[in-house]
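The structure appears right after this line, and notes come after that.
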Protein chains: 2
Amino acid sequence: MGPGPVNADPRVLRALSTPLVGQYDPVMTGYMAQTQALYREVFATRNDATLLVDGTSRAGIEAALVSLVRPGQRVLVPVFGRFGHLLAEIAQRAGAEVHTIGTTWGQVFPTSVVEEAVRRVRPHLLAVVQGDTSTTMNQPLDELGDVCARHGALFYTDATASLGGNPFEADAWGLDAATAGLQKCLSGPPGSAPLTLSDRAVEVVRGRRRVEAGIREDDDEDVGEPIGSNYFDLGMVLDYWGPRRLNHHTEATSMLYAAHECARVLLDEGRQKVVDRHARAGRAMLAGVRGLGLGVFGDLGHRMHNVVAPVIPDGVDGEGVRGALLHDFGIEIGTSFGPLRGRVWRIGTMGVNARLDTVLTTLAALEHVLRRAGVPVPPSGGVDAAADAWAEG
Amino acid sequence: MGPGPVNADPRVLRALSTPLVGQYDPVMTGYMAQTQALYREVFATRNDATLLVDGTSRAGIEAALVSLVRPGQRVLVPVFGRFGHLLAEIAQRAGAEVHTIGTTWGQVFPTSVVEEAVRRVRPHLLAVVQGDTSTTMNQPLDELGDVCARHGALFYTDATASLGGNPFEADAWGLDAATAGLQKCLSGPPGSAPLTLSDRAVEVVRGRRRVEAGIREDDDEDVGEPIGSNYFDLGMVLDYWGPRRLNHHTEATSMLYAAHECARVLLDEGRQKVVDRHARAGRAMLAGVRGLGLGVFGDLGHRMHNVVAPVIPDGVDGEGVRGALLHDFGIEIGTSFGPLRGRVWRIGTMGVNARLDTVLTTLAALEHVLRRAGVPVPPSGGVDAAADAWAEG
C-alpha cells in the first residue's frame with residue numbers, strides 16, 4: 001500500500017512465467033503488435049508509434065527526452081515535486097538548455113502560469129509530470145496541449161504514477177509524447193516503459209536517423225546528427241517494432257508478456273471503470289486517514305486518486321510506524337523525499353490494491369499502530385469513515 | 001535452437017511469477033544483495049560493484065561505456081563481427097574518439113595485433129566483445145588484461161553471448177568492466193544486464209558523481225562533469241545498490257527474481273560443469289552438421305561453444321529451410337547479419353538447450369527439411385555423428 005511498486009495482478013504474475021519464444025518468431029512479433037494496439041487504448045491515442053521501452057519508467061523518460069531534444073534546444077519543466085526535478089536533470093544530461101518554474105510542494109500549476117513561462121522561454125519542448133507521487137499532486141494537462149500548439153512547442157508528459165488510475169487522454173490533450181511504467185495503477189512489475197509518440201514527434205525523431213553498422217543496407221542513409229544514445233534512439237526502436245523489424249535490442253520477452261497482460265487486465269475491466277475505482281478507493285482512504293484524526297498534505301482539489309500523504313503527528317516516529325505496519329501487519333506504506341522527508345507518509349491505493357478490503361485493512365492496522373505509538377485515535381474512526389465514503393460510490 | 005534468446009529454464013520461469021515486494025522491503029534489498037553475491041561467482045570476481053542494469057544487454061554495454069568514458073577520450077574496439085560495430089557505435093554516441101581495428105568475419109585477433117593497436121592508439125579503454133554470435137567466434141581475452149595494464153588502458157568486455165557457456169574469469173583476466181545478459185547461456189529472459197566493475201573502474205565512475213535534486217542532502221557535492229545519461233549513470237546505480245540505497249530507478253523486481261534464479265541454476269550445476277556441457281553439446285552439433293555434409297563457417301579453433309554457423313548449400317533457400325523447421329517441427333534456428341546474410345544459418349546450443357536430445361532432434365529435423373529441399377543428405381548422418389561426438393564426452 002505504498003506509492004508503488006505495488007502488488008501485481010495475479011494474471012500478470014502468471015503471464016510473466018509464459019515460456020519464451022524467439023524474437024522473430026511470428027508469435028513474438030504478433031504479441032508485439034498486439035501490445036502496441038493495447039497501449040493505444042490505454043493512452044487513448046491513435047499514434048502508430050506506441051511501444052515499450054525496455055527499462056524502468058525513467059528509461060522511458062530518457063528515451064523520450066534524448067530522442068526529441070537536440071543539444072542546445074530549450075526545454076521547459078514546471079517542477080512541482082521530485083519527478084519534475086528528474087525530468088529537468090535528464091533533459092540537462094541530454095544537453096538541453098533547461099528552464100524550470102517552481103511552486104510550493106503540494107500545489108500544481110495554473111494553466112496561465114505555464115503559458116506565461118512558455119511565452120517567455122519559447123521552449124522546443126514542454127515536459128511535465130502528470131502525477132508526482134512525491135507530493136501526491138496531479139497536474140491538470142487538458143489545457144496545456146493548446147498552450148503548446150499556440151507557441152509551437154512539443155508537449156511531453158510522464159504519466160508513470162497516474163496512468164490508469166486518473167483520467168488520461170493523449171490525443172484529446174494534444175500530447176506529442178507520453179511515457180509510463182507498469183508498477184503503479186497498471187498492476188505490473190517495474191521494468192517496462194510504455195511510450196507513445198505523435199506523428200509530429202516521430203518526424204522530429206526521424207530527423208536524426210541511423211541504422212547500425214553490421215545490419216545496415218546500402219540504401220540506409222544517415223540523417224542529421226545522431227541521437228546521443230543508441231539504446232534510447234527511438235528511431236531505431238521504431239525500426240525494430242515497425243514492419244522492417246530491424247534488430248536493435250532483443251525485446252524483453254517476459255516483460256512484454258507482463259505489459260501485454262497489464263493492458264488486458266485494465267481494458268477488460270474498462271478504462272473509465274478503472275479510473276472510477278481508483279477515485280473511489282482514493283476517497284475512502286482520504287476519509288479514513290482523516291477519520292483517524294490525521295492531517296493530509298497538499299491541495300486536495302488536485303490530488304492523485306491513487307496516493308494520499310497523511311501528515312505524521314508531532315512527536316511520532318514516522319519510520320517506526322512504517323516498520324510496525326510492515327513487520328507486524330505485513331502492510332507497506334511509503335516514506336517521503338526532500339522537503340517532505342519525515343513530515344508525511346504516503347499511502348497508495350492503486351492497481352489491484354485499489355479495493356475496499358485493502359483500504360480497511362490498512363486503516364485498521366494503522367489505527368492500532370498509532371495508538372500504540374501514543375496517538376489518541378478514535379476507535380474505528382478510520383475504518384468507519386472509509387467504509388462510509390466507499391458506500392457513497 | 002537459435003543464437004538466443006532461447007528457452008528459459010523452468011525454474012527461471014517460475015521465479016518470474018513470484019509476487020512483488022516493495023523496493024525497500026528488507027526482502028527485496030536482501031534479494032538484491034544475494035544477486036550481487038551470485039553474479040560475483042558467475043563473473044569469477046571479487047568486485048564489490050557487481051549488479052544488474054535494468055534493460056537488455058545493450059543497456060549494460062551503454063551503461064559501462066557512457067560511465068567509463070568521457071567525451072573526447074579514446075576508445076579502441078577490435079571489430080570481428082556485428083557486436084564489435086555496436087560497441088564502437090555506442091562509444092561514438094557517448095562522445096568518445098573511437099578507433100577500430102578489423103579482421104575478416106570468422107576470425108579473431110591475435111594478442112599481438114591488439115597490443116600493436118593499443119600501443120599506437122593509447123586508448124583510455126579497450127572494448128572487446130567476447131563471443132560475437134554474428135560470426136560464432138570467441139575472442140581470447142586471457143592475455144588482453146596484461147596488455148591493458150602495460151599501456152594504462154581500462155579493459156572492458158561484453159560477454160552477453162558467451163558468459164556461462166565458455167570460460168570467463170573477470171579477475172584473473174584483469175577486466176575492469178564486463179556486461180552480459182540472461183538470454184543466452186544463462187537460460188533466462190532478455191531484459192536484465194548483469195554488470196561488474198573493478199575498483200579502478202569504480203574510481204573512474206566516482207570521478208563524475210551526482211545525486212539527484214529532490215533527494216540530495218546538504219553534504220552531497222557534485223564531482224566532475226556529469227555523465228551524459230541519468231539512467232546509465234553507474235555512480236547513481238551504485239548508490240542505489242549500495243548501503244545508502246539512494247533511490248534511482250525502481251529496481252525491476254520480476255527481472256531481478258529471474259536474474260537471481262539464472263545464477264542459482266548455473267551455480268547449482270557448477271560453473272565448470274556448465275561450461276563443459278556447452279562444450280560437449282557444441283562439439284556434438286558441429287559434428288552433426290558436418291555429418292549432414294554441410295560446411296561450417298569460421299575459424300573452428302576459436303569458435304564459441306554455444307553457436308555454430310552451417311553454410312547454406314548452393315541453391316538452397318535458407319529462409320525457406322528456417323521456416324520449415326519452425327512451422328513443421330517447432331524448432332527455431334537463426335538467420336544472419338551483414339556480410340553473412342543468406343550465406344549461413346546459426347544454430348545455438350545454449351543454456352537449458354545445451355542437451356543431447358535437443359541436438360539430435362534439431363539434426364533429425366534438419367535432415368528431413370534439407371532432403372525435401374533437394375539436398376543429398378546421408379540418412380542419419382547428422383544424428384549419428386552428433387551421438388558419437390556426445391558419447392566421447
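The values are calculated or read from the model by the stated rules, or taken from the named source; none is laboratory data. If you're wondering where the values come from, they're calculated on a predicted model, not measured in any experiment. Every residue, glycine among them, receives a Cβ derived from its backbone with ideal geometry; neighbour counts consider all protein chains shown. All accessible areas refer to the heavy atoms of the entire protein, side chains included, with ligands and DNA or RNA removed. Shrake-Rupley method; radii C 1.70, N 1.55, O 1.52, S 1.80 Å.
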**Q.** Single residue of segment B:296-311 satisfying the filter (open to solvent by less than 20 Å² (accessible area, probe 1.4 Å) and among the aliphatic types (A, V, I, L, M)) that is farthest from B:P378 (Cα to Cα)
**A.** B:M304
Q: Please work out which one of (1) outside the structural domain of A:A44 (by TED's automatic domain parsing); (2) surrounded by 22 or more Cβ atoms within 10 Å (Cβ to Cβ) is the condition A:G293 fails and give its number.
A: (2)
Q) Just one of A:E251, A:E261 is more than 20 Å from A:A63 (Cβ to Cβ), within 14 Å of another protein chain (Cβ to nearest Cβ) and surrounded by 23 or more Cβ atoms within 10 Å (Cβ to Cβ); which is it? A) A:E261
Q. Does segment A:77-91 contain any residue that is on the phi < 0 side of the Ramachandran plot, of a type in the set (D, E, K, R), open to solvent by 50 Å² or more (accessible area, probe 1.4 Å) and not in a loop (DSSP other than H, G, I, E, B)?
A. no
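Facing chain B (nearest Cβ under 9 Å), under 25 Å from A:P71 (Cβ atoms) and modelled with pLDDT of 90 or more - does that describe any residue in segment A:235-244? Please lay out each step first, then the result.
We begin by selecting, within segment A:235-244, every residue facing chain B (nearest Cβ under 9 Å); these are none.
No: segment A:235-244 contains no residue that is facing chain B (nearest Cβ under 9 Å), under 25 Å from A:P71 (Cβ atoms) and modelled with pLDDT of 90 or more.
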Q: Only residues that are in a loop (DSSP other than H, G, I, E, B), open to solvent by less than 10 Å² (accessible area, probe 1.4 Å) and aliphatic (A, V, I, L, M): list them for segment B:154-174, please.
A: B:A159, B:A161, B:A170
Q) Which of (1) at pLDDT below 95; (2) in contact with a Cys (Cβ under 9 Å, 6 or more places away or on another chain) is the odd one out, the single condition B:Y24 does not satisfy? A) (2)
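Would you call B:V321 under 30 Å from B:L65 (Cβ atoms) and of a type in the set (A, V, I, L, M, F, W, C)? If you could, list the steps in order and put the result at the bottom.
Numbers: under 30 Å from B:L65 (Cβ atoms): no; of a type in the set (A, V, I, L, M, F, W, C): yes.
The answer is no for B:V321.
Restricted to segment A:327-342, and to residues that are farther than 26 Å from B:R216 by Cα and part of a helix (DSSP H, G or I), which residue is farthest from the chain's Cα centre (by Cα)? Reasoning before the result, please.
The initial filter retains those residues of segment A:327-342 that are farther than 26 Å from B:R216 by Cα, namely A:327-331.
This time we only want the ones that are part of a helix (DSSP H, G or I), so: A:327-329.
Working: A:H327: 28, A:D328: 30, A:F329: 28 Å.
Filtering first and then ranking leaves A:D328.
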Q | In segment A:181-211, the residues that are buried (at least 23 other Cβ atoms within 10 Å of the Cβ) and either within 13 Å of chain B (Cβ to nearest Cβ) or acidic (D, E) (or both) | A | A:G181, A:L182, A:Q183, A:K184, A:L186, A:S187, A:G188, A:P189, A:P190, A:G191, A:S192, A:A193
**Q.** Within segment A:96-129, tally of residues that are of a type in the set (G, A, S), buried (at least 17 other Cβ atoms within 10 Å of the Cβ) and either touching a Lys or Arg at 6+ places or on another chain (Cβ under 8 Å) or in a strand (DSSP E or B) (or both)
**A.** 2
Q: Considering each of A:Q34, A:Q73, A:Q23 in turn, give the residue that is assigned by TED's automatic domain parsing to the domain that holds A:L197, under 30 Å from B:D233 (Cβ atoms) and open to solvent by 30 Å² or more (accessible area, probe 1.4 Å).
A: A:Q73
Q | Pick from segment A:97-129, criterion within 12 Å of chain B (Cβ to nearest Cβ) and modelled with pLDDT of 95 or more, ranking: nearest to the chain's Cα centre (by Cα) | A | A:V129
